[in-house]
Each structure stands twice: as structure tokens, then as C-alpha cells.
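Structure first, commentary second.
The values are calculated or read from the model by the stated rules, or taken from the named source; none is laboratory data. Bear in mind the structure is a predicted one, so any value in this text is a computation, not a measurement. Glycine gets a Cβ as well: all are built from the backbone with ideal geometry, and neighbour counts include every protein chain shown. Keep in mind that these areas ignore ligands, DNA and RNA; they rest on the heavy atoms of the full protein, side chains included. Shrake-Rupley method; radii C 1.70, N 1.55, O 1.52, S 1.80 Å.
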Amino acid sequence: MDSLTQIVLGAACGEAVLGKKIGNKALLFGAIGGTIPDLDVFVGNLIYDNQIQAMMFHRGFMHSVLFSILGTFVFGWLIYKLYNFGKRLGTTTLKDWQKLFFWSLLTHPILDCFTPYGTQLFYPFSDYRVAFNNIAVVDPLYTVPFLISMIVLMFFNRKTLKRRRWLKIGVGISSAYMLFTLGNKFYVNSIFEKSFQSKNILVSRFRTQPTILNNILWYGVAETDDAFYLGFYSLLDSENTVKDFQIIKKEKSPVPMDDEDLSLLAWFSDDFYHVIPSGEKRMYLYKDLRYPLLNPEDKNSSLFSFRIFKNNGRWDMKNSSPDFDKNTTAKDLFQPMIKRLKGL
């Protein structure tokens, strides 16, 4: 999930392990532990000069169970040595710090698994990307109550029961909301399945996920032999059906998707992708169809897309944002999505 959410979750882990011993400093160190896995964004750019390869590094090794275990010993030992001296000598143990980093490092990729991006939790033993697709990468209803609870507990003495109670409130509310999103996921999947059947669309596979910042408006993409079907369903819709689908016909890709680098993009997208010429010479637009359209009524409004091109004999990419009028406001940008969220 987003960095703020991971900081809050890491801080909660720090509080649970060391809050009684070192107070608010436990929140700080837990937040650091919860941030470390996402540093793979910067590490990937240092290791690779190819942006496709760099993107593949994100949510790979540094989001694995193996990294969490290794990091437990490395970061636990390092912080113990840095912290345990002078007046603080003997106030904490090596085991305390190892427990703090184990939970703050491990809960990060586990939480990421609930989002649509995909997390290589079992790397390097498997490159399978775990993605339950039940919560958006950014969802204020998960994060904000959790954050408020962590802020409130900071004002209580580290040994008071009220501090522990607010920790339980934060973890409890966020966990209950996560269960709610899982229930929504099963319900929305059933709606899409019934919609395909009622419209005689013979799908070979499909996937659904909530749109950004909420768990009310859901997006689904399905594959048939000759096309991809893109649709939206809001929990506020008057009927329990996906009324309309945007259809993208399958066409022969203008670029060789069996190429070493481009095949990684296809794997990343779980083969839900569409490639078209970009209008620029020797450059193509790669659209990841797993992610929602910016405008539910415009099949060409894919927000998660890249411009791919040859660079020194290899295929590379750069981010591609939709073309907007220079006078476009944030309200104009998100108005179609907000309108659809309110239901049909």
C-alpha cells in the first residue's frame, strides 16, 4: 500500500513490541522498519539503467519473506548496537530489536498482498505475484482511523493501559475494514460472473479490484478468445449487474512481446495488456488493463500505461500520462469516476 499506511503499520508493530520499554521511540523505529521494503524503488534504479528491469525489482526480493528474515538479524543487530549504550544500556535486548524488525518488515509485504499490484512474497523460490485485489493501494478508510489511533496513544505514558487500548483500537478497526473489503471482493466477483452469463460473454478468466481511494466502485477486466471486456460496478448501483462493458479487440502486437524485456512487462500485467502506436516515431503505448480506466466510458483512458521504445538495442520504457487539456482541473479529471461511483 502507500507509504503512509506502511509507516503507520510499522509504527504499530514497534509499539506492540517495544512501546512499554522505550515509548514513542518504538513508533519511530517501527515506522523505519515498515518503510525499508519500499526502498527497493530506489535500489532498483541504482542497479538497473533499464526502467523495465527496475520496475520488476519493486515488490520483488525486498518484499519477500526471506528478506524479512534476513533483515530481522541485520537491522535488529545494527539498531541494538547503536541504541544500547550510555544511559540506555540494558534497557532493551537484541531479541527486542529483532522482534521489532521482524514484524515491521514482514507485515509490510503481507499488507501489500491485498492490493492489485502483486507481491513476490516467496522470492527467490517462486516469482508468483500474490495479489488478492480487495483493497486499493491508497484507501483512507483503512489508513486514517489507524493513523489517528497511533497519534492519540503517543500522548499517554508508555506504561499506561490506555496506550495499549488505543493500539488495539487502531489494529482492530483497520483489520475489521480489511475483512469488509474481502467480503466486497467475493460479492463483486459474483456480480461480474452473473453479468457475463446474462450477456453471453464466454470469458476464459477475469479479475476485479476496487478503484483508487475507495471500496465502493469496482473495476473488472475479462478475457475472451478475441477481446478484453472492461467494466465497472458500484455498490450503490440500483441493479446487481454490470450494465456496460468497454471492449478492446485483441490485435497482433506491433512490438515483439516475446522479447526478454517486453515479456517481463507481459508477466507483470498477467497478460492483461494492449499495445498500440503512440503517434511518436518508433515509440509505442503499452496499457496495463488490470488497472481501472480514468473515464469509465472511454476505453482509451487507461491511467496505468507506459511508452515503450528501443534504447541502445533494448526495449525500455517511461511513464505515460493521459493527454489533458492545459486547463484541466483535478475536479474535471476525476469527475467521471466520481459520477460512476454514485451509482447508476
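Projected label points at residue 202 and residue 318, each 7 Å from Cα along the beta carbon direction, are separated by 4.5 nanometres.
Calculate what fraction, in whole %, of the accessible area of segment 195-243 sits on carbon and sulfur atoms when a 1.4 Å probe is rolled over the protein chains. Accessible surface attributable to carbon and sulfur in segment 195-243 totals 49 percent. The modelled label-to-label distance for the pair residue 329/residue 240, using points 7 Å beyond Cα in the direction of Cβ, is 4.0 nm. Beyond 26 Å in Cα-Cα separation lie the following of the pairs 281/339; 99/185; 185/331; 250/342; 249/331; 287/331: 281/339; 99/185; 185/331; 250/342; 249/331.
Once C-alpha pairs closer than 8 Å and six or more residues apart are averaged by separation and normalised to the residue number of segment 88-201, the relative contact order reads 17 percent. Average projection, convex hull of the Cα set of segment 193-258: 5.7 square nanometres. Residues 267, 103, 97, 315, sorted by accessible area with the largest first, give 103, 267, 315, 97 [1.4 Å probe; ligands and nucleic acids excluded]. The residues of segment 175-284 have, on average, 51 Å² of accessible surface per residue, using a 1.4 Å probe with all protein chains present. The trypsin sites (Lys or Arg not before Pro) of segment 252-311 that DSSP puts in a loop, and whose beta carbon has at most 10 other beta carbons within 10 Å, are 252, 281, 282. With q set to 0.12, 0.18, 0.27 Å⁻¹, the log10 of I(q)/I(0) for segment 63-130, from the Debye formula over equal scatterers at the Cα positions, is -0.39, -0.67, -1.05.
Place +1 on the Cβ of every Lys and Arg and -1 on the Cβ of every Asp and Glu in segment 1-68, take the dipole about the Cα centre, and give the residue among 18, 45, 7 whose Cα lies farthest towards its positive end. The residue sitting most towards the positive pole is 18. Stokes-Einstein diffusion for the chain at 20 °C, viscosity 1.002 mPa s, with a Kirkwood radius from C-alpha pairs, works out to 97 µm²/s. A viscosity of 1.002 mPa s and a temperature of 20 °C, combined with the Kirkwood radius over Cα pairs in Stokes-Einstein, give a translational diffusion coefficient for segment 109-229 of 129 µm²/s.
With a cut-off of 13 Å between beta carbons, the residues surrounding residue 316 carry a summed charge of +1, where Lys and Arg count +1 and Asp and Glu -1. Residue 216 exposes around 60 Å² of accessible area when a 1.4 Å probe is run over every protein chain in place.
The residues of segment 71-119 expose on average 48 square angstrom of accessible surface per residue, using a 1.4 Å probe on protein heavy atoms. By the equivalent-ellipsoid construction on the alpha carbon gyration tensor, segment 229-344 comes out with semi-axes of 30, 18, 11 Å, ordered largest to smallest.
Mean residue ellipticity, 222 nm, helices only, the chain: the sum of -39500 (n - 2.57) across DSSP H runs of n ≥ 4, divided by residue count and rounded to 500, is -15000 deg cm²/dmol. Summary value for the chain: 12 percent relative contact order, contacts being C-alpha pairs under 8 angstrom separated by 6+ residues. Dipole check for the chain: with +1 at the C-beta of Lys and Arg, -1 at the C-beta of Asp and Glu, and the Cα centre as origin, the magnitude is about 1920 Debye.
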